[in-house]
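Below is one structure, written out as structure tokens; comments come after it.
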Amino acid sequence: MATVVILLGAPGAGKGTQAARLAAARGLAHVSTGELFRENLRNGTPLGVQARAFMDAGKLVPDELVLEMLFERVARPDCARGYVLDGFPRTLPQAQALGARLGTVHAVPILIDVPDQVLIERFGGRVSCTACGNVHHLVHSPPRSAGKCDRCGGELVRRPDDAPEVVGQRLRVYADQTAPVVRQYESQGALRRVDGRASPDQVFQGITRALGAAEAA
Ligand code: AMP
């Protein structure tokens, strides 16, 4: 049976870092809708061009564009054993479409819980690799070599949507559109919460424990 993990959390909660780690540890595919959009942007595809204005403004890309891209991605062979969703679903219609698509496949929603004040502080030092999307923090997880990604050696820059004026908008969008998704999983009794203020290693242990408990239930 495939394992589908839905990693939830506000922008800056550490979803990307933890999803990559969990996927590697469990032999699952890491599916980040934000990264898929950025890949489309880099390749200059029509989808990338359409998505860009929304992303740069800190808004959500319309559901129909996200769903088509996501469902095409999870149909690929590397997702057959399961996958870790990072940044999806972000709206109630996306959650509903995912539920319909998964049918009886068991999905485990895990929330990385971080207070807004900590998120804002984290964005200050966040830099991302232009080649592979890996994230570093200049204070909390600095690269070994200045300006270069530890994973692939690519150039580290601040993402345009990590600029302070866009971060506020992204946090508002999260509260308005994505927090209801979290509450829905919670009301279904499915949600697992992990304290996201701890170190990346401790958060990873929390996620592993939460997944283990959900699988044993
Ligand atoms: P992320 O890397 O997950 O922070 O995503 C970066 C940006 O991509 C977001 O601010 C949105 O503009 C867009 N995006 C990513 N995932 C979604 C989604 N599931 N629904 C709508 N827009 C998304």
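Considering the stretch 125-157, and only residues there that are in a loop (DSSP other than H, G, I, E, B) and of a type in the set (Lys, Arg), the residue that is farthest from Ala19 (Cα to Cα) turns out to be Arg144.
Which condition number in (1) of a type in the set (A, V, I, L, M, F, W, C); (2) surrounded by 15 or more Cβ atoms within 10 Å (Cβ to Cβ); (3) modelled with pLDDT under 95 is the one that Ala131 fails? Single failed check for Ala131: (2). In the condition set (1) under 21 Å from Gly34 (Cα atoms); (2) within 16 Å of the ligand (Cβ to nearest atom), Gln184 is compliant with all but (1).
The numbered conditions (1) at pLDDT 90 or above; (2) more than 15 Å from the ligand (Cβ to nearest atom) are all true for His106 except (1). When the helices (runs of 4 or more DSSP H) confined to the stretch 1-86 are screened for residues that are within 23 Å of Arg193 (Cα to Cα), among the polar types (S, T, N, Q) and within 16 Å of the chain's Cα centre (by Cα), those reaching at least 1 such residues are found at 15-26, 33-42. Just for the stretch 78-97: of the residues that are within 21 Å of Thr208 (Cα to Cα) and aliphatic (A, V, I, L, M), which one is nearest to the ligand (Cβ to nearest atom)? Ranking the qualifying residues of the stretch 78-97, first place goes to Leu85. Exactly one residue out of Val127, Val114 is away from the ligand (no atom under 12 Å from the Cβ) and touching a Leu at 6+ places or on another chain (Cβ under 6 Å), and it is Val127. Val157 passes every criterion in (1) surrounded by fewer than 14 Cβ atoms within 10 Å (Cβ to Cβ); (2) away from the ligand (no atom under 16 Å from the Cβ); (3) more than 22 Å from Val5 (Cβ to Cβ) apart from (2).
The values are calculated or read from the model by the stated rules, or taken from the named source; none is laboratory data. The shown structure was predicted, so the numbers you read here are calculated from the model rather than taken from an experiment. In this analysis, Cβ positions are derived from the backbone assuming ideal geometry, glycine residues included, and neighbour counts consider all displayed protein chains.
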